[in-house]
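Before any comments, here is the structure.
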Amino acid sequence: MRPPQTRQRHHPSHPRIDPHAAEREAEEALAKKERIKEERREAKQARRKTDPELLAFSRELRDRWQEHVTAQPHLLEDQSQTR
């Protein structure tokens, strides 16, 4: 005679549960976050810096314009009042 089976057999209608699936999903999620962080870090490093000569020129131009307007404030008055 055969001894009675103590372990239940897998029924085809019930999916098997993988005990390591949660760990794998957590590792994959962590790896995805790391990839995203690395891509962002690379994007920041890849940004081009403003040309210092161009920046100096634009500031000089702004300062000249401000001096010009300060010296002649009537240039900014509303033109509709003079008509």
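The values are calculated or read from the model by the stated rules, or taken from the named source; none is laboratory data. Quick caveat, the model's predicted, so the values are computed rather than measured. We place every Cβ from the backbone using ideal geometry, glycine too, and count neighbours over all the protein chains shown. Ligands, DNA and RNA are stripped out before the accessible areas are found, and what is left, the full protein with its side chains, is counted by its heavy atoms. Shrake-Rupley method; radii C 1.70, N 1.55, O 1.52, S 1.80 Å.
Residue check: is A26 modelled with pLDDT under 85 and either within 34 Å of the chain's Cα centre (by Cα) or open to solvent by 100 Å² or more (accessible area, probe 1.4 Å) (or both)? No; evaluated as a whole, the condition is false for this residue.
In this structure, is K44 part of a helix (DSSP H, G or I), of a type in the set (K, R), surrounded by 10 or more Cβ atoms within 10 Å (Cβ to Cβ) and within 22 Å of the chain's Cα centre (by Cα)? The answer is no for K44.
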